[in-house]
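Notes to accompany the following structure.
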Amino acid sequence: MPTIVHEFAWPDRVIVGTIGVPGERTFYLQVRTGKQIVSIALEKQQSALLAEKIDEILDQLIKLEGNPFSIPTSTPVELVDNDQLEAVEEQFRTGTMSLGWDPTTAQVVIEAYPLIDADADADADADAIEESLDEDGTDAPEMLLVRMPVGTARAFAKRTREVVGAGRPICVLCGYPIDADGHVCTVPEV
């Protein structure tokens with residue numbers, strides 16, 4: 001069985017958003033083109049790193065001598081998207097992600113693959129494993145492939161940083177998040 005690819009070449013919308021209250025939020029990467037919409041769950045740290053690396057790629061392209069691409073240094077106002085997630089139906093929880101640049105289309109490329117439960121694979125019996133493989137012996141996972149233009153990528157990174165930063169405040173003494181129901185930390189004795 002071939003890999004199921006949820007591909008978005010020029011998405012109408014690509015955002016990171018959350019569901020839940022700070023400290024209990026679930027992060028989603030959501031992509032939409034027309035009526036096709038895919039939402040994948042990811043960790044807060046994955047979201048933050050994705051935004052950071054997208055900005056690094058775009059900043060490196062700006063500095064590239066003879067750069068033929070028009071890369072915005074900040075988020076184009078017309079691409080700001082502060083709306084909530086649309087109806088969320090989780091496609092999968094993200095494990096591995098890759099990020100790249102396609103110079104032929106001047107787009108940032110994100111690939112996301114499902115989290116593989118190693119314990120479940122180890123506990124599965126030989127028959128179940130054999131049934132999950134196709135003729136050539138490879139798994140049939142699904143993946144998300146998103147190609148976004150540079151302006152959209154810059155807007156995506158900005159919004160993602162804002163969403164990640166909108167979590168619980170950090171304690172100035174211990175550096176850990178402060179929960180809504182309080183926070184107790186001990187100051188080390190000197």
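Computed from the coordinates by the stated procedures, all read-outs in this text should not be read as laboratory data. Because the structure is predicted, anything quoted here is derived from the model rather than measured. Note that each Cβ is placed from the backbone with ideal geometry, even for glycine, and that neighbours are counted across all protein chains shown.
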Under 19 Å Cα to Cα from residue 35, which lysines show up? Leave out anything in the same chain fewer than 8 places away.
-> none
Peptide ranges 153-165, 8-20 listed from the most packed, as the mean C-beta count within 10 angstrom indicates | 153-165, 8-20
Could you list the residues of the stretch 101-116 with an amide nitrogen less than 12 Å from a label point located 7 Å from the Cα of residue 70 in the Cα-to-C-beta direction?
-> none
Point-charge dipole on Cβ atoms (K/R +1, D/E -1) for the stretch 4-165, about Cα centre, debye to 20 = 1460 debye
Plugging the Cβ-Cβ distance of residue 59 and residue 35 into 1/(1 + (r/R0)^6) at R0 = 45 Å yields, to the nearest 0.05, a FRET efficiency of 0.85
Is the shape of the stretch 4-165 rounded, prolate or oblate, going by the alpha carbon gyration tensor and its root eigenvalues a ≥ b ≥ c, with a/c under 1.5 for rounded and a/b larger than b/c for prolate?
-> prolate
So what's the stretch 1-71 giving for Cα Rg divided by 2.2 N^0.38 Å, two decimals?
-> 1.41
Roughly speaking, what is the stretch gain from residue 183 to residue 111, that is 0.36 nm per residue apart minus the C-alpha to C-alpha distance, in nm to one decimal?
-> 22.1 nm
What is the calculated FRET efficiency for residue 82 to residue 104, with r their C-beta to C-beta distance and R₀ = 35 Å, to the nearest 0.05?
-> 0.65
Gain in span if fully extended, residue 161 to residue 12, counting 0.36 nm per residue against the direct Cα distance = 51.6 nm
Quote the FRET efficiency, to the nearest 0.05, computed for residue 19 versus residue 171 with a Förster distance R0 of 22 Å and r equal to the Cβ-Cβ distance.
-> 0.30
